[in-house]
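Participant: Structure provided below as structure tokens; questions to follow.
The values are calculated or read from the model by the stated rules, or taken from the named source; none is laboratory data. Keep in mind that what you see is a predicted model, and the values were worked out from it rather than measured. For neighbour counting, all protein chains shown are included, and Cβ atoms are generated from backbone atoms with ideal geometry for every residue, glycine included. Ligands, DNA and RNA are stripped out before the accessible areas are found, and what is left, the full protein with its side chains, is counted by its heavy atoms. Shrake-Rupley method; radii C 1.70, N 1.55, O 1.52, S 1.80 Å.
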Amino acid sequence: MFEHYFQCPYCWEEVSMLLDPSVSQTYVEDCEVCCNPITISVEFVAGELTSFSAENLGQ
């Protein structure tokens, strides 16, 4: 697992999540601080994080 830190697009707090480097995916997860839904998009190539985005669910 890979721990990644990012800023919540709603409350702007820094949060972290564990990412699985064996799979690229897009999913919705609630912010651990403000509980708003965040669309998470993650891409890995050869086990290296190549792209990460955390956006408001409505965007």
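Participant: Taking Cα pairs under 8 Å and at least six residues apart, what relative contact order does the chain come out at, in percent?
Facilitator: Taking the mean separation of contacting Cα pairs over the length of the chain, I get 29 percent.
Participant: Something else about it: Please report the carbon-and-sulfur percent of the accessible area for the chain; probe 1.4 Å, protein heavy atoms only, DNA, RNA and ligands left out.
Facilitator: C and S atoms contribute 48 percent here.
Participant: What does the charge add up to near Cys35, with Lys and Arg as +1, Asp and Glu as -1, over the other residues with Cβ less than 13 Å from its Cβ?
Facilitator: Computed value for this residue: -4.
Participant: In sequence order, what are the phi-derived ³J(HN,Hα) couplings for segment 10-26 according to the Karplus relation 6.51 cos²θ - 1.76 cosθ + 1.60 with θ = phi - 60°, rounded to whole Hz, with x for glycine and proline?
Facilitator: Here the 3J(HN,Hα) series is 9, 9, 6, 6, 7, 10, 10, 8, 8, 10, 8, x, 8, 8, 9, 7, 10 Hz.
Participant: Give me the net charge for the shell around Ser22: Cβ to Cβ below 14 angstrom, other residues only, Lys and Arg +1, Asp and Glu -1.
Facilitator: Taking every other residue near Ser22 into account, the sum is -3.
Participant: Continuing with the same structure: From Cα coordinates alone, what are the radius of gyration and Dmax values for the chain in angstrom?
Facilitator: Cα radius of gyration and Dmax of the chain are 11.2, 33 Å respectively.
Participant: In debye, nearest 20: dipole of segment 2-56 around its Cα centre with unit charges on the Cβ of K, R (+) and D, E (-)?
Facilitator: With Lys and Arg at +1 and Asp and Glu at -1, about 100 debye.
Participant: Could you provide, to the nearest whole Å², the per residue accessible area of the chain with probe 1.4 Å?
Facilitator: 65
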